[in-house]
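The values are calculated or read from the model by the stated rules, or taken from the named source; none is laboratory data. In this text the structure is predicted, and so the values were computed from the model without any measurement. Neighbour counts run over all protein chains shown; Cβ positions are idealised from the backbone, glycine included. With ligands, DNA and RNA removed, areas are computed over all heavy atoms of the protein, side chains included. Shrake-Rupley method; radii C 1.70, N 1.55, O 1.52, S 1.80 Å.
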Amino acid sequence: MKFKVFAATALMAALSAPALAQELKVGSQNMPPFLDPGRDHSNVGQQFYVNTFDVLIDRDAAKADADFRPGLATEWKRIDPTTMELKLRQGVTFHNGDPLTADDVVFSLNRLFQPTFAPYAVRSRDRFGNFKGAEKVDDFTVRIQTHRPEPLWETLLNTQQLMIIPAKYTKALTGDPNVAEDSDFEAFSLAPVGTGPYRISEYVPGEKLTWERFDSYWDKKAPLEKVSMTRIPEMASRITALKSGAVDFITNIPPDQIATIESDQNLKVEGAVTPLFHLIIYNTQHELMKNPKFRQALNLAVDRETLNEALWLGKGVVPTSHTFPQFGELYMPEPVIFKYDVDEAKKLLAESGYNGEEIRLDTSATYYTNGFLAMQAVSEMWNGIGVKTRINVDDKWTGGDPTMNVRNWSNPMYFADPFGGFGVMWAPGGPAESEGRIKTDAAFAETFDKFRFSEKVEDRKAAYAALMERTRQDPPFLVLYQPYESWAMRKNVNWRPLPGHIAYVLDFRNGAIGID
């Protein structure tokens with residue numbers, strides 16, 4: 001199928017209302033240590049990219065279902081089963097003044113398809129292992145080739161990691177201006193440039209970010225003149241800053257604070273069930289955690305419904321499997337992979353050979369909303385079946401630490417397909433395996449391959465069901481719930497999370513926010 005932008009689109013953009021000369025001040029629980037859409041897939045980082053960068057194939061974020069539409073590419077068509085050709089939008093300018101051409105697109109794509117920079121290699125394995133490379137046809141035409149027929153063309157080209165960055169600017173940041181070096185990509189992550197509606201005018205890693213409206217943006221202009229984001233890690237401090245007027249908008253509000261905020265007539269709260277799972281993950285390669293029966297017992301001992309009621313006031317979603325409704329035909333709630341059964345947990349614990357050893361539960365104090373409280377509750381539930389635990393609070397990521405036993409983690413829905421949730425995180429060679437927590441075998445890889453590349457939906461479903469059953473029998477994790485995340489703001493700020501975005505995105509584009 002071929003997609004085109006007609007003249008009416010440009011006309012409507014020209015007739016849209018002028019941008020508002022207003023500033024929004026945001027207090028954020030966390031801020032990222034770098035900003036590079038190709039390198040990042042963190043919950044904290046993915047909040048920030050949609051305002052600064054554009055993708056080739058866009059989608060309507062107001063819809064949960066994938067409704068693809070032109071972005072920096074105005075047309076795309078499949079030349080053959082392994083080749084896609086895209087026509088690029090002309091007249092697009094990067095924030096530094098460089099015009100967008102096919103050279104920038106090929107550079108941006110191949111940094112992920114043919115990575116030399118180690119962080120890009122990790123993201124490439126997660127998502128783009130089937131992509132061979134991109135090549136320039138002319139100044140505004142590119143072709144992308146895959147190794148095998150790709151069932152998720154538009155879906156993958158819409159991902160944050162394939163947002164477009166300027167080639168000439170990036171290569172000139174350090175060393176030889178004609179060569180892309182690792183130091184260039186490190187430098188770019190501290191001085192990012194895109195084509196989006198806001199340019200970054202100030203960035204202090206981990207502390208502060210300021211956007212300013214980019215008046216040369218090719219599409220509808222940004223509605224705000226300026227957005228200032230500041231890290232305020234403590235929840236009480238964020239709420240105080242909002243009530244005092246120091247900020248207009250704050251992130252990561254747990255449900256038990258909603259009533260307190262809404263009691264102030266000047267404030268309001270917007271929330272949604274987030275397309276992301278909070279998990280308990282196991283280091284299956286650690287001697288204490290190797291026995292599958294032990295991990296089955298731990299899973300069965302966790303009363304997830306009680307956690308949802310206690311932590312999220314029942315507003316979260318407790319799934320039976322690693323599946324999201326946004327998967328459409330591939331949504332699979334039927335397999336009961338995770339359930340609560342204390343008697344069965346005690347039986348399996350007795351069979352596992354557990355001898356009272358202390359199990360270390362790693363967690364961060366602030367990274368996940370209610371994450372620390374959840375780990376405390378899980379610890380008590382495991383104590384209840386006779387498992388000795390110790391909570392270790394460490395804001396550093398310990399997922400790759402071989403001494404780690406158990407940790408909380410999250411699995412976002414990076415895109416609306418099981419490959420975008422389970423697949424990205426648990427694929428052979430993916431984050432869980434590359435950090436040493438699991439070790440896949442040939443049977444797992446064969447089933448995963450069928451799930452990833454089968455053309456028929458029913459074949460993909462059957463393979464995914466097999467992967468879920470393996471997860472039940474030899475669990476590397478427990479899905480706790482989809483959290484109900486909330487954002488608080490002054491009543492004159494009109495914003496809410498859009499269902500078509502991945503988790504936590506702060507979309508301040510035209511049509512996504514307004515200030516009365």
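Annotations
- In the range 59-69 there is no residue matching the filter, namely being closer than 28 Å to Lys171 by Cα and at pLDDT 95 or above.
- The range 335-366, subset of a type in the set (A, V, I, L, M), at pLDDT 95 or above and not in a helix (DSSP H, G or I), residue farthest from Ile385 (Cα to Cα): Val336
- Once the range 426-467 is narrowed to residues that are over 20 Å from Thr284 (Cβ atoms) and among the aliphatic types (A, V, I, L, M), the residue that is surrounded by the fewest Cβ atoms within 10 Å (Cβ to Cβ) is Val457.
- Flag set for Gly371, criterion: surrounded by 15 or more Cβ atoms within 10 Å (Cβ to Cβ), touching a strand residue (DSSP E or B) at 6+ places or on another chain (Cβ under 7 Å) and within 20 Å of Asn252 (Cα to Cα).
- Arg470 being out of contact with any strand residue (DSSP E or B) (no Cβ under 7 Å at 6 or more places or on another chain) and open to solvent by 60 Å² or more (accessible area, probe 1.4 Å): yes
- Within the set Thr447, Thr471, the sole residue that is closer than 29 Å to Ala345 by Cα, modelled with pLDDT of 95 or more, hydroxyl-bearing (Ser, Thr, Tyr) and out of contact with any Leu (no Cβ under 8 Å at 6 or more places or on another chain) turns out to be Thr471.
- Taking the numbered list (1) of a type outside the set (Phe, Trp, Tyr); (2) buried (at least 16 other Cβ atoms within 10 Å of the Cβ); (3) closer than 20 Å to Phe128 by Cβ in turn, Val44 passes all entries but (3).
- Residue in the range 205-216 that is part of a loop (DSSP other than H, G, I, E, B), more than 30 Å from Ala432 (Cβ to Cβ), free of Cβ contacts under 8 Å to residues at least 12 places away in the same chain and charged (D, E, K, R) present: yes
- Evaluated against (1) open to solvent by 60 Å² or more (accessible area, probe 1.4 Å); (2) under 27 Å from Asp126 (Cβ atoms), Asn383 falls short on exactly one condition, (2).
- Residue list for the range 500-515, filter: farther than 22 Å from Lys221 by Cα and either over 23 Å from the mean Cα position of the chain (by Cα) or open to solvent by 30 Å² or more (accessible area, probe 1.4 Å) (or both): Ile502
- Selection within the range 290-319 - closer than 18 Å to Gly421 by Cα and either at pLDDT below 95 or in contact with a helix residue (DSSP H, G or I) (Cβ under 6 Å, 6 or more places away or on another chain) (or both): Gly316, Val318
- Check on Glu358, out of contact with any strand residue (DSSP E or B) (no Cβ under 8 Å at 6 or more places or on another chain) and either free of Cβ contacts under 8 Å to residues at least 24 places away in the same chain or open to solvent by 20 Å² or more (accessible area, probe 1.4 Å) (or both): no
- Enumeration of residues in the range 351-373 that are aliphatic (A, V, I, L, M), within 12 Å of Asp394 (Cα to Cα) and more than 21 Å from the chain's Cα centre (by Cα): Leu361
- Cβ-Cβ under 7 Å pairs, at least 6 apart or on other chains, the range 362-379 side under 13 Å from Asp303 (Cα atoms), far side surrounded by 17 or more Cβ atoms within 10 Å (Cβ to Cβ) and among the β-branched types (Val, Ile, Thr): Met375/Thr363; Val378/Ile280; Val378/Val302; Ser379/Thr389
- The range 399-410: number of residues that are among the hydroxyl-bearing types (Ser, Thr, Tyr) and either in contact with a Ser or Thr (Cβ under 7 Å, 6 or more places away or on another chain) or open to solvent by 10 Å² or more (accessible area, probe 1.4 Å) (or both): 1
- Residues that are in a loop (DSSP other than H, G, I, E, B), at pLDDT below 95 and of a type in the set (Phe, Trp, Tyr) do occur in the range 3-17, at least one of them.
- Check on Lys168, under 20 Å from Arg89 (Cα atoms) and free of Cβ contacts under 8 Å to residues at least 40 places away in the same chain: no
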